[in-house]
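Notes to accompany the following structure.
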Amino acid sequence: MTSQGQGLDTSLEENRRMDFRRKLLKINECLGAKDVEALKFLCRDWLSPKKLEKSGSALEIFEQLLAEEQLSEEDPFLLAELLFIIRQKSLLRHLRYSKEQVQSSLPAQRRVPLFRNLLYELSEDLDSENLRSMIFLLPNVFPKTEMTSLSFLAHLEKQDLIGEDNLTTLEDLCKTVAPNLLKKIEKYKTEKISQLHKETEALHQGEEELPSRLGNMQVHGASQKEPWQNEHERRSNGDRATNGAPIPGSTEMLRASADIRNAATSTKEAAVYRMNRKHRGHCVIVNNHNFTSLTARLGTHKDAESLKCVFQWLGFTVRVYNNVKKVDLEKALQEYKSHPDNVDRDCFVCCILTHGNLGAVYSSDEALIPIREIMSQFTAQQCPGLAHKPKLFFIQACQGDEIQPSVSIEADALNPEKLPSAPRQVSLQDSIPVEADFLLGLATVPGYVSFRHPEKGSWYIQSLCNHLKDLVPRHEDILSILTAVNNDVSRQADKDGTKKQMPQPAFTLRKKLVFPVPQEAFSLQ
């Protein structure tokens, strides 16, 4: 009897599945080419752009939604919402919905993002004359092919000229060409604020979405003891870390740590940076080993090798520059900020391994270059191809000018009297451009030591590489990964257990940065 019951259940389930597919087939037969284009556009947040481009019918889109478990016979609401949006409300009967039911359910069950819905509504009101005028106002942005209002908006989005938090270009176009559409944009802003308020109220104990401001990360982790070299640092006011004691921090730093901890552990997903363009991005590694008068940085090649391996695994085009003079660094920065394929890349990464001083790093010919000067080359004004995309900078260098001698310790600022004078004291906030989408990861808090093993590489870079390798496959965002790096590095110690290090990130990221999980296995040991 049990076997017969199971067979009956299986048969009923197959019948339900077949009946649902028959309904999808009937819906497909009633949809035209314009409807298919609309469905492709509205499904961009769930389905691969490449697969959508190849879809020639609504049926193929339905098949993809089924495969991605976005649609099922048990939960067909997404399709009902899509049909409602494209004004094919008569087809809702196939899904046993009425237009009134869908409309009343949208506030609680909405699946299509507000931004996507806004763009579709705007496309419906853009006539051919307005479309030509808008294309004319943005020369050299669009391919020389015939465009529909939807493909026009999709291209603006692909080029990162518009986004859910970036409506300036869209508003400017509408003000000039179609002022009547501004009401829809204002309505979207109001709805988005309302939605954010509701989400915030729903978060557990007031947990919040990722803040877009500078801050420090929480510190805790496992201990590791090795003979280390000193990437020397000390606070400019002369304070020194006590033997075996954690690096002290200010009240402001502790507050910032709490803010970032809340953000990193938030149970509510924040907006995520797009990571599905043609290329992941460029990764530039500046690896300075030899200097004019400073000691050679033994172990730095291990860091460069680890960074190259990890970022290639993550899909970046990596280039390593060894022993870079100031003029060559300026030339490389100029090349990458004006690189023609930046527009097709998701983000940019720059890693600098060298000696340093407070708020600045040394070139191999010992020119002192402010970190801010390097990062400012990639602002939206200087580098429009990377506008609204994350720009990550990781600095393995000392940020001080005093020596704490030890048997196996060397300073990255040895013989400071031979070096150019340090710049005025700068805060970490002063080192990062006052513009969105930047992240700066320093190996140590300004004024304190960082460490480098003569064979195994630096604490910070090795920990960063290991945690990227471990946590990217778990879909962790970059700030959560840097929290784990802080956990690790802050608890490591030198041979005598007297030298400590505390990394410090600062950021103006607006969204979560989650690297896609690479398909191939990671081979770095």
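Figures for the structure shown
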| item | result |
| --- | --- |
| Cα gyration tensor, the stretch 117-206 - rounded (a/c under 1.5), prolate or oblate | prolate |
| Sorted by Cβ density within 10 Å, fewest first, the residues 459, 46 | 46, 459 |
| FRET efficiency estimate (nearest 0.05) - Cβ-Cβ, residue 466 to residue 146, R0 56 angstrom | 0.65 |
| Two-site label geometry, residue 164 and residue 105: point separation in nm, points 7 Å out along Cα→Cβ | 2.2 |
| Chain lengthening between residue 325 and residue 136 when straightened (0.36 nm per residue, less Cα-Cα) | 63.6 nm |
| Ordering of 467-477, 126-136 by burial proxy (mean other Cβ atoms within 10 Å per residue, highest first) | 467-477, 126-136 |
| Under 5 Å, built H, 5+ apart or other chain: amide partners of residue 438 | 391, 508, 509 |
| Dipole in debye (nearest 20) - the stretch 13-112, about Cα centre, beta carbon charges: Lys, Arg +1; Asp, Glu -1 | 380 |
| Gained length - residue 292 relative to residue 456, 0.36 nm times residue gap less alpha-carbon distance | 56.6 nm |
| Separation in nanometres of the label points that stand 7 Å from Cα toward Cβ, at residue 51 and residue 68 | 0.7 |
| Derived scalar couplings ³J(HN,Hα) [the stretch 47-54; Karplus, 6.51 cos²θ - 1.76 cosθ + 1.60; whole Hz; x for Gly, Pro] | 10, 4, x, 5, 5, 5, 4, 7 |
| Three semi-axes of the equivalent ellipsoid, the stretch 1-159, Cα gyration tensor, whole Å, largest first | 36, 17, 13 |
| Calculated FRET efficiency for the pair residue 29/residue 182, C-beta based, R₀ 35 Å, to 0.05 | 0.35 |
| Added length on full extension, which subtracts the Cα-Cα distance from 0.36 nm per residue, residue 18 to residue 491 | 164.4 nm |
| Built amide H within the under 5 Å cut-off of residue 356, gap 5+ | 362, 398 |
| Gyration tensor (alpha-carbon) shape descriptor, the stretch 281-365, a/c threshold 1.5 | oblate |
| Kirkwood hydrodynamic radius of the stretch 77-175, from inverse mean 1/r over distinct Cα pairs, in Å | 15.1 |
| Long-range amide H partners of residue 350 with built H, under 5 Å | 284, 392, 393, 394 |
| For peptides 139-146, 437-444, 22-29, sequence by mean Cβ density within 10 Å, most packed first | 437-444, 22-29, 139-146 |
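Every number in this text was worked out from the coordinates using simple rules, so none of it is lab data. Computed from a prediction, not measured in an experiment: that's the story for all the values here. Every residue, glycine as well, gets a Cβ built from its backbone with ideal geometry; the counts of neighbours run over all protein chains shown.
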